[in-house]
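What follows is a single structure, written as structure tokens, with notes after it.
Read the figures in this text as sums done on the coordinates, not as results from a lab. Everything numeric here is computed off the predicted structure, so don't read it as measured data. With ideal geometry, Cβ positions are generated from the backbone for all residues, glycine too; neighbour counts draw on all protein chains shown.
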Amino acid sequence: MAGMPFITFEGSEGCGKSTQVQLLATHLKILGVPFLVTREPGGTAIGESIRELLQFAPQSVGMTPETELLLFEASRSQLVREVIKPALERGECVIADRFFDSTTVYQGAARKLDRKVVRQLNAFAVGDCVPDITFLLDVDLETARSRMQQPRRPDRMEQQTVEFYEQVRDGYQELAKWQRDRIVVIKGWQSPHDIEKEIWETLVKRFPELAAKSEIENRKSKM
Ligand code: TMP
């Protein structure tokens, strides 16, 4: 790998990935490693409009699975070219809260759209911009549900059946078996601190550049 890694976080709603994204970002900031955090759908002006359409817009009630798939891919193709690739080219580490594995699982495994089409659209949207490592936070349904019980109104994607979320979990586990080199499965029911530690230890083992870069940046800041 040349340059800084492209790191993605995946898992069902309530798995704790957004907390880990923030913890990793804070860690990198303290170490002085340049980084960029992004999320899907969204992360660009076009992507945030698509997010609104996918999750909250009243006209999204009758959205077909095919339209949903294309909107997620549209948001992603904009994000890759406008934000992720330029950041990696500037030598920044990119941390993404969801990426193409979400489409493989939610639209492929759970919505049951043609997996070959999903694979082709994913490839078209990302080009050669593929994550170096993906952390999959695996939690059982009950844990996820209890974490999702917030005062806010659930968005359209959060109003699915229990069966749907079971398919999401199974879909992620199956994908992780096929992509062992890239996807690291983390027990999401551990404490946030233990998860953070496991993630960081995995990262420095796999990307010694991260630790090296942080030493260089620290030395520079002391000069
Ligand atoms: P979240 O980022 O708060 O988890 O919300 C994103 C929602 O969108 C979540 O329900 C998962 C769903 N999603 C898909 O169904 N397919 C995708 O490709 C992506 C990125 C998200």
Exercise for the section: Report the dimensions of the range 102-178 along its three principal axes from the alpha-carbon atoms, largest first, rounded to Å. Expected result: 40, 24, 21
Handout entry: Stretch gain in nm, segment E142-H193, where the contour uses 0.36 nm per residue and the Cα spacing is subtracted
Key = 16.3 nm
Exercise for the section: Determine the alpha carbon to alpha carbon distance for each of K177/K197; K17/K197; K85/K222; K112/K187 and list only those over 20 Å. Expected result: K177/K197; K85/K222; K112/K187
Completion exercise
Put in order of increasing Cβ neighbours within 10 Å, starting from the fewest, T8, T202, T26, T38 give T26, T202, T38, T8
Fill in the blank from the handout: Longest principal axis of the chain (C-alpha) makes with the long axis of helix 208-222 (C-alpha) an angle, in degrees to the nearest 10, of 60 degrees
Practice task
Could you state the angle between the C-alpha long axis of helix 17-31 and the longest principal axis of the C-alpha atoms of the chain, as a value from 0 to 90 degrees rounded to the nearest 10?
Solution key: 20 degrees
Practice task
Give the angle, between 0 and 90 degrees and rounded to the nearest 10, that separates the Cα long axis of helix 192-206 from the longest principal axis of the Cα atoms of the chain.
Solution key: 60 degrees
Exercise for the section: Can you pull the one-decimal nm distance between simple spin-label points at R180 and T67, each 7 Å off the Cα toward Cβ? Expected result: 4.2 nm
Exercise for the section: Working from the alpha-carbon coordinates of the chain, get Rg over Rh, Rh being the Kirkwood radius. Expected result: 0.96
Exercise for the section: Please give, to one decimal in nm, the separation of the simple spin-label points placed at R119 and E166, each 7 Å out from Cα toward the Cβ. Expected result: 2.7 nm
Problem - Inter-probe distance in nm under a simple model that places probes 7 Å from Cα toward Cβ, at Q55 and E209 - result: 3.1 nm
